[in-house]
1. Dividing the alpha-carbon Rg of segment 113-191 by 2.2 N^0.38 Å yields what?
2. Using every Cα-Cα pair within segment 1-55, state what percent have a distance larger than 16 Å.
3. Taking the alpha-carbon centroid of each part, what is the distance from segment 126-190 to segment 21-65 in angstrom?
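Values quoted throughout were computed directly from the atomic coordinates according to the rules given, and no laboratory measurement underlies them. This structure is a prediction, so every number in the text was calculated from the model and none was measured.
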């Protein structure tokens, strides 16, 4: 009996950790001429879990790390690609159709609430082009918009002789907030369906 209680307690702590702990997302993107590189890290509190996605020169690397033990997911992706067959065009998922039933006002409210899921956001951008004049024009448009923003840092690069755009963003998310947002959206659509059927 005591072993069962311990197992249940460990399970509850584990689920609570997944739902309540903050997850840090860090994305780095670099565009130089025609080359595009992307790196995305999703890590949990104390780095118990970490998921790394790297796209470099059309090569994809996906890695999952749990308790410092690395698991490469590249083989799973390759096996899936081999098994995949041409499928007929799929219908729009039911959840997407339900959200489309909402009014524009409700959809805007959901979009606004979705920003509350993201916290501690920080964005760094570096931009340069072949022509310093174009770089200056971009600065003239961007800087007045972000001058009062504490979470966006923009730096022009006038010495660069080719197009360059480097950006990295870091922010935190909470799983329980995403679940609450999703459930509230689904309940609203169900309530509207019930209301429309009732009036019929």
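1. Compactness ratio reported: 1.60.
2. When all Cα pairs of segment 1-55 are counted, 60 percent exceed 16 Å.
3. Measuring centre to centre over Cα atoms gives 17 Å.
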